[in-house]
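To start, the structure itself, in structure tokens.
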Amino acid sequence: MNIACLGYGVVGKGVVEMFTNDSRINIKHILVRNLEECPLAVATLDIQDILNDESVDCVVEMMGGIDFPYHCIKESLLRGKHVVTSNKAVMAAHYEELLTLAKEHHVQLRLEASVGGGIPWIHSLLQQVRIGNVYRIEGIFNGTTNYIFDQMHTRHEEYSKILKEAQSLGYAESDPSSDVDGYDIQRKLMISSSIAYKTVVDMTKFTLASMRNIQLSDILYFEKYGFRCRYFATSFVEDGKYFGSVEPTLFEQTTQPACVSVNHNLTILYHDTLGVLQLVGQGAGRYPTANAVVQDILDVYEEKWSNIQMEKELTYDDSLSNTRLCICTSEEGLDVFDAYLVRKEQVGHRYYGWTMDLDNETKCQLVNEASKKDNSFFYAVVR
């Protein structure tokens, strides 16, 4: 089978390397931004070389970004080429359109590497929705933020120092906003939820909270009460409605989420006959992500069709969620929650409060008000 690779970065190089001396797959083209990136003779600067080549069976998109990759994926599908992508941003933004195009043109659009890196998460979801209902998914979907929280707990060093270290290790971008503000996780939760619930969810409805304001004093405070903090994604369905959130979350130190270390991911699905399935592994990196891409390519080669369905219409409902919070803020910020607190205390310059159960609408209103009074405001859901 002839394939064309779009991108020759960390993942692209891993994919090319893994197909070295593999007679099943022939890499016909590699799209790059400049020819110095790739010494191979198949390198090209022009996407039209790939789109116009009728011998290319499958286009493998590994570039990142949204607009240009979206154009490449869409045009490939329109020309009857299978597509494998690791691009969660494109898939979250154009999920329904691109999957519909693939179906109309009788080709596959496979996206295993878009969520969970080397963890076979999408595969597991698709396996389970064939024989029953997945009614809840959750987990740690971002290795960068897990590394930051884990190292803050392990080494008791400030957020800014650990973030710089993550950037030097290649875990975090120079602009870490997508990770630390939750957008990367939001996209992954959208894709996962849509597959799990056989629908197209609206990720803009998800409750989203940044981790930027976490302080070492907060980490030490959580540990005092036996908790560790993780950036956690959750969605679930109930009676034709769904809810989703991406929020810092406190777990007791002996639980599975609290024990997920460094840059690993944890993905969990709840199934009406299987029960609970948890998968832990590398969520990013050259070889884990390249492995997921290669698995998709080989599934296309072996004509193993994935069957992502979008048959259900679900309504988003904020009222499905009730959560307790631990508030980390100034005295003015804590005062906003005063009527809802079951415990509060001051440690150094920071004020802490533990709330009763809050419905999501009330929670969001209080968080917004407190954030206006204190630009260092931080909260975590208590599990």
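Structure notes:
- Using the Cβ of Glu238 as centre and a radius below 10 Å, the other residues enclosed give a net charge of 0, where K and R count +1 and D and E count -1.
- By the count of neighbouring beta-carbon atoms within 10 Å, fewest first, Arg110, Arg228, Arg350 end up ordered Arg350, Arg228, Arg110.
- Label zone at Lys241, where the point sits 7 Å out along the Cα-to-Cβ direction: region 316-332 residues whose backbone N lies under 16 Å: 316-323
- Pairwise Cα separations in region 2-110 fall into 5 Å bins from 0 onward with the following percentages, short to long: 2, 13, 25, 26, 20, 11, 3, 0.
- Local electrostatic count, Met211, Cβ distance below 14 Å [Lys/Arg +1, Asp/Glu -1]: -4
- Highest to lowest packing among 265-276, 193-204, 40-51, scored as the average C-beta count within 10 Å: 193-204, 265-276, 40-51
- Helical contribution to [θ] at 222 nm, DSSP H n ≥ 4, -39,500 (n - 2.57), averaged over the chain, rounded to 500: -11000 deg cm²/dmol
- For the chain, share of DSSP beta bridges that run antiparallel, in % to the nearest 5: 65 percent
- Taking all pairs of distinct alpha-carbon atoms in region 120-282, Kirkwood radius in angstrom: 16.2 Å
- Listed residue pairs exceeding 26 Å between alpha carbons, taken from Lys188/Lys224; Lys161/Lys205; Lys344/Lys372; Lys241/Lys363; Lys103/Lys304: Lys188/Lys224; Lys161/Lys205
- Average projection, convex hull of the Cα set of the chain: 19.2 square nanometres.
- Near the amide H of Leu208, within less than 5 Å, lie the amide hydrogens of Val246, all on another chain or at least 5 residues away, with H placed in the peptide plane.
- In this simple spin-label approximation, Asn26 and Glu97 carry label points 7 Å from Cα along the Cα→Cβ vector, and these lie 3.4 nm apart.
- Local charge for Asn322 was computed over the other residues whose Cβ lies under 12 Å away, with Lys and Arg +1 and Asp and Glu -1, and equals -2.
- The modelled label-to-label distance between His106 and Thr254, using points 7 Å beyond Cα along the C-beta direction, is 5.9 nm.
- Under DSSP loop assignment and at most 16 Cβ neighbours within 10 Å, longest GluC sites (Glu not before Pro)-free interval of the chain: 174-301
- Of the residues Arg187, Arg33, Arg136, the one with the fewest other Cβ atoms within 10 Å heads the list, and the complete ranking is Arg33, Arg136, Arg187.
- Of interest is the spacing of the C-alpha centroids, which for region 33-72 and region 266-336 amounts to 29 Å.
Rule-based calculations on the coordinates, nothing more; no lab input. Keep in mind that what you see is a predicted model, and the values were worked out from it rather than measured. Cβ coordinates were reconstructed from backbone atoms using ideal geometry, including for glycine residues, and neighbour counts include every protein chain displayed.
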